[in-house]
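**Q** My questions will all concern the structure given below.
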Amino acid sequence: MVAVSKTRSAEEVLVVYNEGHRIFGENKAQEMRDKAAELPKDIEWHFIGHLQTNKVKYIAPFVALIHSIDSEKLLREVQKRAASNDRTIDVLLQMHIAKEEHKFGFSEAELDELLAKDLSAQFPNIRLRGLMGMATHTEDDAVIHAEFRELKTLFDLLSEAGSFDTEKPILSMGMSVDRDIAIAEGSTMVRIGTSLFGPRSY
Ligand SMILES: *Cc1c(COP(=O)(O)O)cnc(C)c1O
């Protein structure tokens, strides 16, 4: 589980940290950089939101997993910043599974195009560990089940084909409202904010 700590203070994060949790997720690069500087160094910081290429530099020195690679341009920037920090950065590719235009991510056609390339040659400082997706925000559970199931099917196909650079591929799907459906459909990593910290006030 990723504890989604966006908008929460360092003190609030510490309460969860002191309960023993070590994986925290943020969706703003500068906010994540500032919290990482202030909080214990054994926290694994996951980036979970849309990442602008000009912000990659803020998180490249320490980020543990970027869930939200949604374009090849972003992947190229992460490669460049990983290399200049002398690191390998773990990433997930975000798939566009929702019936909502404003959500980010690759279509299956775009994914096929990317995976047809020799990724280890073009992105030597990146380790592709799996996929992430966000379901449509709807009361209709059947829609959410169907979207997560489609992503799981794709994930299984790619896992079997050896597309991921890891023994244990990650399928990041499910947040507070739809986590039970995501787990039922085979999620291996959920991203939980509200159910853990209470409602956010922006
Ligand atoms: C905010 C956020 C979450 C967590 O949402 P909650 O409803 O608070 O659990 C999960 N994933 C992403 C990408 C987010 O931006």
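**Q** For segment 75-153, which chymotrypsin sites (Phe, Trp or Tyr not before Pro) pass both filters: DSSP loop (anything but H, G, I, E, B) and at most 12 other C-beta atoms within 10 Å?
**A** On the way: sites: Phe104, Phe106, Phe148; in loops: Phe104.
Hits after loop and neighbour filter: nothing returned.
**Q** Now for a separate question. Could you report the accessible area of Tyr58 in Å², rounded to 10, computed with a 1.4 Å probe on the protein chains as they sit in the structure?
**A** It works out to around 60 Å².
**Q** Work out how much length Thr166 to Asn54 would gain on full extension: take 0.36 nm times their residue separation and subtract the Cα-Cα distance, in nm to one decimal.
**A** Stretched fully, the Thr166-Asn54 segment lengthens by 37.5 nm.
**Q** Once the other residues with Cβ under 13 Å from the Cβ of Gln52 are scored (Lys, Arg +1; Asp, Glu -1), what is the net sum?
**A** So the environment of Gln52 carries a net charge of +3.
**Q** Note down the accessible area of Leu115, probe 1.4 Å, to the nearest 10 Å².
**A** Answer for Leu115: close to 50 Å² accessible.
**Q** If you don't mind, there's one more thing I want to ask. Mind jotting down the distance between the C-alpha centroids of segment 21-88 and segment 126-191, whole Å?
**A** 21 Å
**Q** Let me ask something else about it. Each label point is 7 Å from the Cα along the Cα-to-Cβ direction; what then is the distance between the points at Ile183 and Lys41, in nm?
**A** About 3.5 nm separates the two model spin labels.
**Q** Note down the relative contact order for segment 102-202 as a percent, whole number, built from C-alpha pairs under 8 angstrom at least six residues apart.
**A** Here the relative contact order equals 24 percent.
**Q** Relative contact order for the chain: what percent, with Cα pairs under 8 Å and sequence separation of 6 or more?
**A** Details: 358 pairs, mean separation 36.8, N = 202.
Reported as a whole number, the value is 18 percent.
**Q** Would you kindly state how much longer the chain becomes between Ser84 and Thr7 on full extension, computed as 0.36 nm times their sequence separation minus their alpha carbon distance, in nm to one decimal?
**A** Roughly 24.8 nm would be gained on extension.
**Q** Could you list the residues of segment 111-141 with an amide nitrogen less than 13 Å from a label point located 7 Å from the Cα of Glu72 in the Cα-to-C-beta direction?
**A** Taking a point 7 Å out along Cα→Cβ of Glu72, the residues of segment 111-141 whose backbone N falls under 13 Å are 111-119, 122-123.
**Q** Hand me the tally of lysine pairs in the chain: alpha carbons under 15 angstrom apart, and the pair either on different chains or 8 or more positions apart.
**A** Going through the chain pair by pair, I get 10.
The values are calculated or read from the model by the stated rules, or taken from the named source; none is laboratory data. If you're wondering where the values come from, they're calculated on a predicted model, not measured in any experiment. Counting neighbours? That spans all protein chains shown, and the Cβs are built from the backbone with ideal geometry, glycine included. The protein model used for the area step is the full one, side chains on, heavy atoms only, and it has no ligands, DNA or RNA in it. Shrake-Rupley method; radii C 1.70, N 1.55, O 1.52, S 1.80 Å.
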